[in-house]
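Below: the structure, in structure tokens.
The values are calculated or read from the model by the stated rules, or taken from the named source; none is laboratory data. Please read all numbers here as calculations on a predicted model, not as lab measurements. When we count neighbours, we look across all protein chains shown, and the Cβ atoms used for this are built from the backbone with ideal geometry, even at glycine.
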Amino acid sequence: MFSPIMRALAFFGKEINEVRRQPRLVLSLLLGPFVILLLFGIGYRGGQPTLQAAIVLPEGEATIDQEYLTQLTGANFELVSVGADRGSAEALLRAGDVDVVQIFPADIEERVLRGEQAAVEFMANEIDPFTEQWIQYLAYAQISEINREILVRNAGAMQDEARAIGTQLADVRTQLEAFESGTENLNQARLQESVRSLRQAAGALAVSALIARGDVDGERTREQLLALQADLDALDQALSAGELERERERVSATRERISELESTTSALGALPPTVIVSPLAASYQNMVGTAYDPMVFYAPSVLAMLVQHIAITLGSLSLVRERLLGATELFQVAPLSLRSVLVGKYLGYTTFIGIIAAALAALMLPLGVPFLGSPWAVAGIVALLTLASLGVGFLISALSRSESQAVQLSMLILLLSVFFSGFFLPLQNFWAPVRALGQAIPLTHGIDGLLSLMLRGAPPDGTTWAALGAIAAVGFLGALVVEGRQLYR
Amino acid sequence: MITSGPIIELRGATLRFSDDAGVEELNLTVEPGTIVGLIGPSGSGKTTTVRLLTGVYRPQAGSVRVLGQTPARGNRRLRQQIGYVPQLFTLYPTLTVWENLNFVASLYGMPYLGRRRRLKAVLEFVELSTATQRLGRDLSGGMQRRLSLACALAHDPTLIFADEPTAGIDPVLRTRFWEHFRQLRDAGRTLFVTTQYVGEVANCDQVGVMRDGRLVIMDSPDGLRRRALGGEVVRLVVEPQGSREAAQALLRHPAVSDVRRARDEPGALFVTVEGASEALPVIIRLLGETPGVIVRTAEEYQPPFDDILVTLLRQEEGRHV
């Protein structure tokens, strides 16, 4: 009754003994990934790449302040040269001395006044799609920033105009109040001049973008300004006809409207130009506090990758090695089923990989890698990932005719895993059928599970467990069928 | 456990591989408690025969019965009665002698209780008691073969298949191996041994000669000699000047079927008779009575089995031609 267990345990003991007799292998399996992770943590600087730029700014172009442009460009690029000669800048680009050349047009103001956009050319000589994306993004950000700065300046100028209108409004209001109270003699010529001047300014303010951007009711203000224009027209005509007395009612209404507009222009003048130009500002809050640094973030993926790689390598070499050694012939003659052979090997390798994974996890702790989730759940994911990867390894081994073929196939799986498991490139970026391929790789689910458990402290969802279990089952059955066919001809 | 009747029975067993190799129409019966040796040139089908008998291969035609069962479909009980020494060292270089032996014992389901004593006894039998902690990779070729034998004997099998167990080891060790085999046979075990050293067949009870996948002869070692030489041979050395007279006298005697003179040794004669031990006093008396003939030595002559095999294979070839 205990014979199958005894036979499985025989393989368990054999595999453990064989592995422990290779201390250099164990050491390299353990320290190799740890050193790589450490180097990654020390060396990786992340963020945007440092891109070198040259600016071509035609002489006499005054729309953009050169000092400001240099400062702004320096925030995104490492500025190598600023000059007026396009040819020299392009030569630098061709020679690879700069990554990007920014060419500003000579007639920015004229174009804008003609109602055209003035295009700033960004030239690159780039084969790396990711760097190209960075250049395009930084170009967009830089031009947006320049546009914003121009708008801020314009808004400031418009605020100055609004403040000037405020003064005119106060002047006209004072004269109208004097007329209404009759306390002093009205200088009708001066009032008419003031009315005409205010009418013109009110017309300009009514079409100004400023009133749509300030902290005021833009539509109502525009209506008030148009009404004021009408009032001022009527007063102008009454003054010309010397019949202002007949327009007392309109004078009173105009004065009230002016009082209201005064508070509006005062409010417009008080707003900071940056608020007028960019009324919305982003406010960011991360519910977990702050994101982890890249080394910590990649630690669970490295652990998962290590587990998968060792399991696939051990599994893929296992059966083919027994076959080449001739031991399979002994197994065929002995009262032994292939199921017992595989179960014993699963036991031995899972134990060994478990020890390696635990040791690597212990080494990660001093690096600040957190293990927020349940240790049992982490152990469960590692165990299931190991079983799934061993299944893939055994299947490779059953299909391989030589050790080199098994190693080659294992490396192919490693390459597949790097690209399609979400290790570096998010799976969402792939075409749906390719994403399906990623789902067949144990590492994809191992990374999901360990990231969630270690860094968020949340148990992985059911699909992670189910997918790993399914891959493990398919691998085991596949190896059983393929190796069985070869053994019992 | 010895069964009544043949322990091995092959009836027209045939297995052909794609490259024309394999075995054809094998017929063979092995009685329990015997050593059966299988000889033949390389590629003649010895290993394929062993693999058919151990169940590694299934025959395409004919039948294979071992211990009353078909080995390829044999149950656990059958397999537990079989010990196997494969042609190559199939044990693990990174495990010690003890670990290798213990591993194989577990494969055969040997209970842990009493296992240690049994394994120690087996190691003592193959003279590896002092090397239990040595790694497989550190063993000499001879020690590896002995460890293979120990592994095959660990579970105390009834029937032992050994595929070229003495290949590549020195003559002294080869002699020891055959001593072990004889001891096992005397203890009631049955051994089926293939060998490339033809001289070793003298240790067997039955010898099969294979050629091109066919079992061309099956006989005892003495029987093979008789087949090759037409009887037994007595070697005589007489004074050279009387050798012609001696040969003529011998040829006239009814117990003598053939007389040959050695070319490279003047006075040496090889006399073929039905039974050497019975014929020897008759021959000496006859030559003593023959004038001019002085006998120096007379003894039963046993030619090397290599010569016998070559002769047999030539005879077989001639018969087919």
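Taking region A:267-298 as the range and being surrounded by 21 or more Cβ atoms within 10 Å (Cβ to Cβ) and either at positive phi or under 20 Å from the mean Cα position of the chain (by Cα) (or both) as the test, the residues that pass are A:Met295, A:Tyr298.
Entry remark, region B:58-84: residues being buried (at least 24 other Cβ atoms within 10 Å of the Cβ) and at the interface with chain A (Cβ under 8 Å from one of its Cβ atoms) number 3 in total. One residue stands out among those in region A:442-489 that are in a loop (DSSP other than H, G, I, E, B) and touching a residue at least 40 places away in the same chain (Cβ under 8 Å): the one that is nearest to the other protein chains (Cβ to nearest Cβ), which is A:Tyr488. Can you find a residue that is among the small types (Gly, Ala, Ser) and either buried (at least 19 other Cβ atoms within 10 Å of the Cβ) or closer than 22 Å to B:Ile169 by Cβ (or both) anywhere in region B:114-124? No: region B:114-124 contains no residue that is among the small types (Gly, Ala, Ser) and either buried (at least 19 other Cβ atoms within 10 Å of the Cβ) or closer than 22 Å to B:Ile169 by Cβ (or both).
Against the list (1) within 31 Å of the chain's Cα centre (by Cα); (2) loosely packed, with under 12 Cβ neighbours inside 10 Å, the condition A:Gly60 fails is (1). Residues of region B:269-305 that are assigned to a helix (DSSP H, G or I) and in contact with a Gly (Cβ under 7 Å, 6 or more places away or on another chain): B:Phe305 alone. Consider A:Leu30 carefully, then state whether it is away from chain B (no Cβ under 14 Å), assigned to a helix (DSSP H, G or I) and in contact (Cβ under 8 Å) with a residue 40 or more places away in the chain. For A:Leu30, the condition - away from chain B (no Cβ under 14 Å), assigned to a helix (DSSP H, G or I) and in contact (Cβ under 8 Å) with a residue 40 or more places away in the chain - is met.
Residues that are surrounded by fewer than 23 Cβ atoms within 10 Å (Cβ to Cβ) and charged (D, E, K, R) do not occur anywhere in region B:37-51.
Among residues belonging to region B:85-99 that are hydrophobic (A, V, I, L, M, F, W, C) and facing another protein chain (nearest Cβ under 7 Å), point out the one that is farthest from B:Ile7 (Cα to Cα). Show your work before the answer.
Step one: filter region B:85-99 for residues hydrophobic (A, V, I, L, M, F, W, C), giving B:85, B:88-89, B:91, B:95, B:97-98.
Keeping just the survivors that are facing another protein chain (nearest Cβ under 7 Å) gives B:88, B:95.
Values: B:Leu88: 25, B:Leu95: 34 Å.
Taking the candidates together, the pick is B:Leu95.
Conditions (1) in contact with a Ser or Thr (Cβ under 7 Å, 6 or more places away or on another chain); (2) touching a residue at least 60 places away in the same chain (Cβ under 8 Å); (3) outside the structural domain of A:Ala89 (by TED's automatic domain parsing), marked per residue:
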{"residue": "A:Trp134", "(1), (2), (3)": "no, yes, yes"}
{"residue": "A:Ala139", "(1), (2), (3)": "no, no, yes"}
{"residue": "A:Glu145", "(1), (2), (3)": "no, yes, yes"}
{"residue": "A:Arg148", "(1), (2), (3)": "yes, yes, yes"}
{"residue": "A:Gly166", "(1), (2), (3)": "yes, yes, yes"}
{"residue": "A:Arg173", "(1), (2), (3)": "yes, yes, yes"}
{"residue": "A:Ala178", "(1), (2), (3)": "no, no, yes"}
{"residue": "A:Ser181", "(1), (2), (3)": "no, no, yes"}
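Filtering region B:7-48 down to residues that are within 14 Å of another protein chain (Cβ to nearest Cβ) and among the hydroxyl-bearing types (Ser, Thr, Tyr), which residue is farthest from B:Val66 (Cα to Cα)? Across region B:7-48, the extreme among qualifying residues is B:Ser18.
Is it the case that region B:100-117 has a residue that's of a type in the set (A, V, I, L, M), farther than 24 Å from A:Leu487 by Cβ, within 29 Å of the chain's Cα centre (by Cα) and more than 8 Å from every other protein chain (Cβ to nearest Cβ)? Please lay out each step first, then the result.
So the first thing to find is which residues in region B:100-117 are of a type in the set (A, V, I, L, M), and the list is B:101, B:104-105, B:107, B:110, B:113.
Cutting the leftovers down to farther than 24 Å from A:Leu487 by Cβ gives us B:113.
From what is left, the residues that are within 29 Å of the chain's Cα centre (by Cα) are none.
Within region B:100-117, none of the residues are of a type in the set (A, V, I, L, M), farther than 24 Å from A:Leu487 by Cβ, within 29 Å of the chain's Cα centre (by Cα) and more than 8 Å from every other protein chain (Cβ to nearest Cβ).
There is at least one residue in region B:135-143 that is of a type in the set (Ser, Thr, Tyr), more than 12 Å from chain A (Cβ to nearest Cβ), part of a loop (DSSP other than H, G, I, E, B) and closer than 30 Å to A:Ile16 by Cα.
Only one of these is farther than 30 Å from B:Asp219 by Cα and either in a loop (DSSP other than H, G, I, E, B) or at pLDDT 90 or above (or both): B:Pro59, B:Pro111. Name it.
On the way: B:Pro59 fails: farther than 30 Å from B:Asp219 by Cα.
Within the list B:Pro59, B:Pro111, the selection yields B:Pro111.
Under the condition of being acidic (Asp, Glu) and in a strand (DSSP E or B), the residues counted in region B:221-268 number 2. Looking at region A:102-209, none of the helices (runs of 4 or more DSSP H) lying wholly inside it contains 1 or more residues that are on the phi > 0 side of the Ramachandran plot.
Out of region B:152-182, which residues are in contact (Cβ under 8 Å) with a residue 12 or more places away in the chain and in a helix (DSSP H, G or I)? Quick ask: steps written out before the conclusion?
As a first pass, look at region B:152-182 and keep what is in contact (Cβ under 8 Å) with a residue 12 or more places away in the chain: B:152-170, B:173-174, B:176-178, B:180-182.
Passing the criteria: B:Ala152, B:Leu153, B:Leu173, B:Arg174, B:Arg176, B:Phe177, B:Trp178, B:His180, B:Phe181, B:Arg182.
Any chance you could count how many residues in region A:290-333 are farther than 22 Å from A:Leu415 by Cα and either within 12 Å of another protein chain (Cβ to nearest Cβ) or in contact (Cβ under 8 Å) with a residue 40 or more places away in the chain (or both)? Of the residues in that region, 17 qualify.
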